[in-house]
Amino acid sequence: MPIPDFVTDLRRHVGTELLWLSGVSAVVFDDADRVLLGRRSDTGRWAVISGILDPGEQPALAALREIAEETGVSARVEALTSVRTGAAVTYPNGDRAQYLDLTFWCRHTGGEARVADDESLEVGWFAVDALPEPLADSTGQRLADTLAFRADPSAGPAFER
């Protein structure tokens, strides 16, 4: 997985210490109400499209950028569906990070889903009742949050209390 330049620069100063980073996830639906997933090259698990925000980048625009970079698909953001903090992770090289994730419900507007970078082994559209395995743990929660928001937008985005 490519590491953003700003993270590489930070790592020169802090080594493998825990970094608090902001990320975005995109739960993208097409007109047939299928969800776009990519099979991650780092874990082999299927996941919603996600990535790290660049400094100063607007989160919704970052979600659209990640979708295009990873899958070749264009989309529009419909709503923010959840704000959650994930567990701290330790990468094989010893780097530690923890992410604040902003999940967006997005709607496909164009482009054919394809592997567009080295972050995915495969990409595809799946019915929510026929998701591929193995599925990333966080993907189930992000999808559930988005489906709950779509069912009742007046409840607002999900977050941990």
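Some notes on this structure:
- In the context of the full set of protein chains, the chain has a per residue accessible area of 52 Å² (1.4 Å probe).
- Rel. contact order, % - alpha carbon contacts under 8 angstrom, at least six apart, the stretch 2-66: 32
- Estimated purely from DSSP H runs of n ≥ 4, each contributing -39500 (n - 2.57), the mean residue ellipticity at 222 nm for the chain is -7500 deg cm²/dmol once divided by its residues.
- Listed residue (72, 86, 154) projecting farthest to the positive dipole end of the stretch 67-161, Cβ model: 154
- Length gained when the stretch residue 76-residue 152 is fully extended (0.36 nm per residue, less Cα-Cα span): 25.4 nm
- Expressed as a whole percent, the accessible surface of the chain that belongs to carbon and sulfur atoms is 52, based on a 1.4 Å probe.
- Placing a label point 7 Å from the Cα of residue 85 along the Cα-to-Cβ direction, the residues of the stretch 1-33 whose backbone N falls under 17 Å of that point are 18-24.
- Projected-area average for the chain over all orientations - Cα convex hull basis, square nanometres: 9.4
- Beta bridges by DSSP in the stretch 3-161, antiparallel share as percent, to the nearest 5: 65
- Over the stretch 15-133, Cα pairs under 8 Å with separation of 6+ residues give a relative contact order of 37 percent.
- Cα shape, the stretch 1-72, gyration tensor, a/c 1.5 rule: prolate
- Cβ-Cβ FRET estimate between residue 21 and residue 126, R0 fixed at 30 Å, reported to 0.05: 0.60
- Ordered from highest to lowest accessible area with the whole protein assembly present and a 1.4 Å probe, 96, 39, 114 read as 114, 96, 39.
- Accessible surface ranking that places the most exposed of 145, 137 first, with a 1.4 angstrom probe: 137, 145
- The length gained on full extension between residue 12 and residue 54, counted as 0.36 nm times the residue separation minus their Cα-Cα distance, comes to 13.4 nm.
The values are calculated or read from the model by the stated rules, or taken from the named source; none is laboratory data. Predicted model, so just to flag it, every value in this text is computed and none were measured. Methodologically, a virtual Cβ is constructed for each residue, glycine included, from the backbone with ideal geometry; neighbour enumeration extends over all protein chains shown. The area values use the complete protein model at the heavy-atom level, side chains included, leaving out ligands, DNA and RNA. Shrake-Rupley method; radii C 1.70, N 1.55, O 1.52, S 1.80 Å.
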